[in-house]
Amino acid sequence: MGDYNQKNTEREPNTFTIYQLKDREALHYHRFEPLERLEKSGLSVEPDNYSQVYTAPLPEGGSAQDKLNQIYERFNLNHPADFKGHSLSVSDIVVFHENGRDTAHYVDRFGFQEVPQFIAQEPGRFRYYITQEAMNIGTYPYMGPTDVTRFTARPHKYEQGTVEAFGYVEYSGPLSPEQSRSYALIPAAANENYLKNAEMSMEANTNMIDGILNNLPEEKQEPEVFPVEPVSRFKRHIEPGEITPEQLIIKGGIVLTPCASNPEYYESTNRNVAGRYIDARIYEVAGRNKRGKPAAFRVAEGAAVENPLEPAGKMVGIAQSGGIVCGLVEKYEMEGFVLADKTVLLEKERDAHGNYYAGISLDGMMLKLPKMYAAVTDEKGKVLAFREMREKDFSREEPPKKAEKKPSIREQLGKKVSEKPELKPPAKKKSHER
């Protein structure tokens, strides 16, 4: 399973834990996406995609919604000093550990949605998913007082998106195959606990056989390679001549442009040719064709590339941070900042160097401005303000030669006079004698 482990005896009772998406290239379509739009795209909420970033005692009193609102406000306007994640925003998950029961809540564009699929199946338990047919039957087998039911009003995707169900029921022992069929329940893939056997075969040594894969040998992950694709393949998204000869398009419709400070590297913007949000990155050549032209790229971590922009102007203070309301008709929130001069900076609207594209909000409709901003942070990385940026001059041209001194008017006139051709005297007329 992922970083979330439901069975954690060291965790204090009645706590909450915040989970945020891992920094993976494959997760840019999940990041800051409302739950409905995520599921319409065929994606799902999976524990493996998240990392635990903070745990604290659960607020006391009030309903679950009241507690979630308190947590949202605290982690947007008044971050604890030891909190290292970003402000709580759409696609984050808050798990309540309350009175021995765990519930997961997805931060949606409006409020929170419970996502029982995020709760990992506890080792030694047996989970069965509730299908539409099971809903029609309307009842489930009773196995004992430890039975757990997680019913949802609408279907969710489970098991890496392969199972769509209205929640699940969980037992301390397995159902018989006949029971599963009779009640139209789909058994979870993890019903057989293979964890101990997996430890024996996968652990680097066997001195910690404890039911948790915590001593695995390090896996070397090869960076993903993105082949260059013909521009014609994306003609439905781009106009003729929109891509310059220096630019290339790689797998995923990602447009790459040579970096201004180091043309050996390329950079992408925060969207692909179809307009979908992606993580802006710096890329390096991973392969060339017979002519020596780039044929494939990979993400370059720590590349020797300068920021193409430099500070210009005074710092501008922050008037608002956290969820910025966007959308002209359907309102939703996006992580970002509103500056004192009303400029809007969104986390999704950043380039490969971390600069923010500026915008202005007109009733939630974001209009881009021809400006870029960079964050001003303290020693701990906390954003204090922003400063407008301007383009650097990376030209490598030689300085122009000094202009030759022009001759004075007198010199020019004298030269013209001296250059005049000498005039021959007129020929004498011959007298005709008779």
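General observations
- Members of region 319-354 that are among the β-branched types (Val, Ile, Thr), farther than 22 Å from residue 31 by Cβ and buried (at least 17 other Cβ atoms within 10 Å of the Cβ): 343
- Restricting attention to region 80-95, the residues being hydrophobic (A, V, I, L, M, F, W, C) and either at pLDDT below 90 or assigned to a loop (DSSP other than H, G, I, E, B) (or both) number 4.
- Output for region 8-61, where each listed residue is hydroxyl-bearing (Ser, Thr, Tyr) and assigned to a loop (DSSP other than H, G, I, E, B): 9, 29, 41, 44
- Taking region 280-307 as the range and being surrounded by 19 or more Cβ atoms within 10 Å (Cβ to Cβ) and in a loop (DSSP other than H, G, I, E, B) as the test, the residues that pass are 280, 281, 300, 305.
- Test result for residue 364, outside the structural domain of residue 25 (by TED's automatic domain parsing), surrounded by fewer than 17 Cβ atoms within 10 Å (Cβ to Cβ) and not hydrophobic (A, V, I, L, M, F, W, C): yes
- Single residue of region 64-116 satisfying the filter (within 16 Å of residue 321 (Cα to Cα) and of a type in the set (A, V, I, L, M, F, W, C)) that is surrounded by the fewest Cβ atoms within 10 Å (Cβ to Cβ): 77
- Scanning region 265-275 for residues that are in a strand (DSSP E or B), acidic (Asp, Glu) and under 20 Å from residue 354 (Cβ atoms) turns up at least one hit.
- Out of 93, 130, sole residue that is assigned by TED's automatic domain parsing to the domain that holds residue 159 and either in contact (Cβ under 8 Å) with a residue 60 or more places away in the chain or touching a Ser or Thr at 6+ places or on another chain (Cβ under 9 Å) (or both): 130
- Which numbered condition residue 10 fails, given (1) over 30 Å from residue 269 (Cβ atoms); (2) at pLDDT 85 or above: (2)
- Considering residues of region 142-161 that are out of contact with any helix residue (DSSP H, G or I) (no Cβ under 9 Å at 6 or more places or on another chain) and of a type in the set (S, T, N, Q) only, the residue modelled with the lowest pLDDT: 146
- Residues located in region 341-374, provided they are in contact with a Leu (Cβ under 8 Å, 6 or more places away or on another chain) and within 29 Å of residue 265 (Cβ to Cβ): 345, 353, 355, 356, 357, 358, 359, 372, 373, 374
The values are calculated or read from the model by the stated rules, or taken from the named source; none is laboratory data. Quick caveat: nothing in here was measured; it's all calculated off a predicted structure. No Cβ is skipped: glycine too gets one built from the backbone with ideal geometry, and neighbour counts run over all protein chains shown.
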